[in-house]
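**Q** Please find one structure pasted underneath; my questions will follow.
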Amino acid sequence: MSEVIERKTLIDNAIGAHDPGLFAAQLLAWLEATVYLRTLPNLRKLGIEPKAIPPFEAADLRDISVRKEADDAVMAFCIAAGLAHDAAGFTSLDRLLTERFGIIYPGSSALYHCNQIIDPIVTLDDAVGQVVKPLLEGADFAPKEIWNAGLRLLQRLRSSNFERVLTPLVAAWLRMEWTRALGQPSSLQQAQATIPRIKACLAESFADQAFIAALLVASAEAIDRAVEPEYLTQLAKLAQRA
C-alpha cells in the first residue's frame, strides 16, 4: 500500500499545483494503482498475497473503468487549472498527453468538456466543463455564475478521488469571488438581507465542504435565479458540522 500512497501523493501534488509535466508523468502510474486497488479485495479472498503493482499493457488503457479513472484525474487537473486561470497549464497538459498516448488519450473526454461549448448540457461533467472553460478564459463571473460554479464544482469534487485536493481550492475561489461581489452590492438581489448572511459566512476561517455549502445557502437569494428547494435542503445538511 505504501506504493499506492506514494503514487497518490504525486498525482495529488500535480493537480494541486496544476503542473502539467508532473501530471503527465504520473498519470499512468496512478491508473495502474487504481486497477491494483480494485483487484486487491479479490486477491485477498483467494488467499493470494498481493505483490508489486503490475505495469499496464497497451490494451489496459482501453478498459472502460480505466478511462473513467483517467477522466476523473484529468477533470480534477482542469478544475485546479481553471480556478487559477492557468490556460497555459491546461493547453500544455493536452499537448503532453497527446504526445504520450495519442489523440484519444486517457482523460481526453474530460478535457474535451472544458474546451468546447456544450449545448444542451446533459451530464455533470458537461456542466463542470462549462464552468471551467470561462475560468480558463479569464472571464468575470456575475453572482449567479459564481453560485452555479460553486454548486457544480462541489457536486463534482464530492464524487472524485481528488476530493481532498479540490475542496480547499474551490473554497478559496468562492471566498475570493463572493468578497469581490460584496464590493458591488448593486449586482446582488435582496442586498439588505443577503449581504449580512454572506459576510457572516465569509468571516469563518474554514475551507471545507461545509463552508462551501453554507456559502451557497447564504448567497442563494442574492442571485437573479430561483434555486430549487431540493438543492438548498441538501446544502443545508452538508453545511452542518459534526
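**Q** Which residue out of ALA193, ALA139, ALA203, ALA110 is surrounded by 21 or more Cβ atoms within 10 Å (Cβ to Cβ) and of a type in the set (A, V, I, L, M, F, W, C)?
**A** ALA110
**Q** Are there helices (runs of 4 or more DSSP H) fully within region 157-242 with at least 1 residues that are within 22 Å of ALA76 (Cα to Cα)? List them.
**A** Ranges flagged: 163-182, 209-219, 229-239.
**Q** To continue, here is another question. Scanning region 147-156 for residues that are aliphatic (A, V, I, L, M) and surrounded by fewer than 23 Cβ atoms within 10 Å (Cβ to Cβ), which turns out nearest to the chain's Cα centre (by Cα)?
**A** If we take residues in region 147-156 being aliphatic (A, V, I, L, M) and surrounded by fewer than 23 Cβ atoms within 10 Å (Cβ to Cβ), then LEU154 is nearest to the chain's Cα centre (by Cα).
**Q** Regarding region 80-87, can at least one residue be identified that is closer than 21 Å to ALA33 by Cα, outside the structural domain of ALA149 (by TED's automatic domain parsing) and in contact with a helix residue (DSSP H, G or I) (Cβ under 7 Å, 6 or more places away or on another chain)?
**A** No: region 80-87 contains no residue that is closer than 21 Å to ALA33 by Cα, outside the structural domain of ALA149 (by TED's automatic domain parsing) and in contact with a helix residue (DSSP H, G or I) (Cβ under 7 Å, 6 or more places away or on another chain).
**Q** Which condition number in (1) over 23 Å from ALA172 (Cα atoms); (2) surrounded by 15 or more Cβ atoms within 10 Å (Cβ to Cβ); (3) out of contact with any helix residue (DSSP H, G or I) (no Cβ under 7 Å at 6 or more places or on another chain) is the one that ASP72 fails?
**A** (1)
The values are calculated or read from the model by the stated rules, or taken from the named source; none is laboratory data. Computed from a predicted structure; not experimentally measured. Don't worry about glycine lacking a Cβ; one is built from the backbone with ideal geometry, like all the others, and counts go over all protein chains shown.
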